1. Can ALA61 be described as farther than 17 Å from THR91 by Cα and small (Gly, Ala, Ser)?
2. Which of the residues spanning the range 33-69 are basic (Lys, Arg) and surrounded by 13 or more Cβ atoms within 10 Å (Cβ to Cβ)?
3. What residue, among those in the range 85-111 that are open to solvent by 30 Å² or more (accessible area, probe 1.4 Å) and under 12 Å from the mean Cα position of the chain (by Cα), is farthest from VAL48 (Cα to Cα)?
4. Of all residues in the range 8-31, which are more than 15 Å from VAL121 (Cβ to Cβ), within 15 Å of the chain's Cα centre (by Cα) and open to solvent by 60 Å² or more (accessible area, probe 1.4 Å)?
5. Name every residue in the range 73-83 that is under 13 Å from ALA33 (Cβ atoms) and open to solvent by less than 40 Å² (accessible area, probe 1.4 Å), in order of residue number.
6. With the range 14-123 as the region, which strands (runs of 3 or more DSSP E) entirely inside it contain at least 2 residues that are more than 23 Å from GLN3 (Cβ to Cβ) and not aliphatic (A, V, I, L, M)?
Amino acid sequence: QVQLVESGGGLVQAGDSLRLSCAASGRTASTYAVGWFRQTPGKERELVARIRWSGGSVDYADSVKGRFTISTDNGKNMVYLQMNSLKPEDTAVYYCAAYESIVTYMTQRPTYWGQGTQVTVSS
């Protein structure tokens, strides 16, 4: 089992920056990759960014490319999402997720989820 706890959400204005953090614990050594998703009411949860735990391959949603950066600190079992030039449409609950294996990574089905943190961007 892997436990994920997000922090860093809040209310900001359009154009501001915010950094989300995710603390991972448990069987993190067997984690293949981690990522950030977001969800708004009435919509499906969507991938924002993901990265292999060992580094290397990084994927971003088109809507956040050039504005958001995902990173990890393996020594501290932390995952970060730096969000710059925030827009009102970035408003959502952001979830940290972990992929247990390459199979779950390739099929885009994270194994573990955090409880979510609200990000609200006012215009």
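1. Values: farther than 17 Å from THR91 by Cα: no; small (Gly, Ala, Ser): yes.
No.
2. Across the range 33-69, the qualifying residues are ARG38, ARG45, ARG50, ARG52, ARG67.
3. Within the range 85-111, the subset open to solvent by 30 Å² or more (accessible area, probe 1.4 Å) is 85, 87-89, 91, 93, 95, 100-103, 106-109, 111.
Subsequent filtering for residues that are under 12 Å from the mean Cα position of the chain (by Cα) retains 93, 95.
Numbers: VAL93: 11, TYR95: 9 Å.
Among them, the one singled out is VAL93.
4. none
5. In the first step, residues of the range 73-83 are kept if they are under 13 Å from ALA33 (Cβ atoms); the result is 74, 79.
Selection gives VAL79 alone.
6. Working: elements: 18-26, 33-39, 46-52, 58-60, 68-73, 78-83, 92-99, 117-122.
Once the strands (runs of 3 or more DSSP E) in the range 14-123 are filtered for at least 2 residues that are more than 23 Å from GLN3 (Cβ to Cβ) and not aliphatic (A, V, I, L, M), what remains is 58-60, 68-73, 117-122.
Okay, residues lined up against (1) modelled with pLDDT of 95 or more; (2) more than 19 Å from ALA24 (Cα to Cα):
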site: LEU47; (1), (2): yes, no
site: GLY55; (1), (2): no, no
site: ALA61; (1), (2): yes, yes
site: THR69; (1), (2): yes, no
site: ASN74; (1), (2): no, no
site: THR91; (1), (2): yes, yes
site: ALA98; (1), (2): yes, no
site: TYR112; (1), (2): yes, no
site: GLN118; (1), (2): yes, no
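The values are calculated or read from the model by the stated rules, or taken from the named source; none is laboratory data. These numbers were taken from a predicted model, which means no experiment stands behind them. Here Cβ is always computed from backbone atoms with ideal geometry, including for glycine, and neighbour counts include all displayed protein chains. Ligands, DNA and RNA are excluded from the accessible area calculation, which covers all protein heavy atoms including side chains. Shrake-Rupley method; radii C 1.70, N 1.55, O 1.52, S 1.80 Å.
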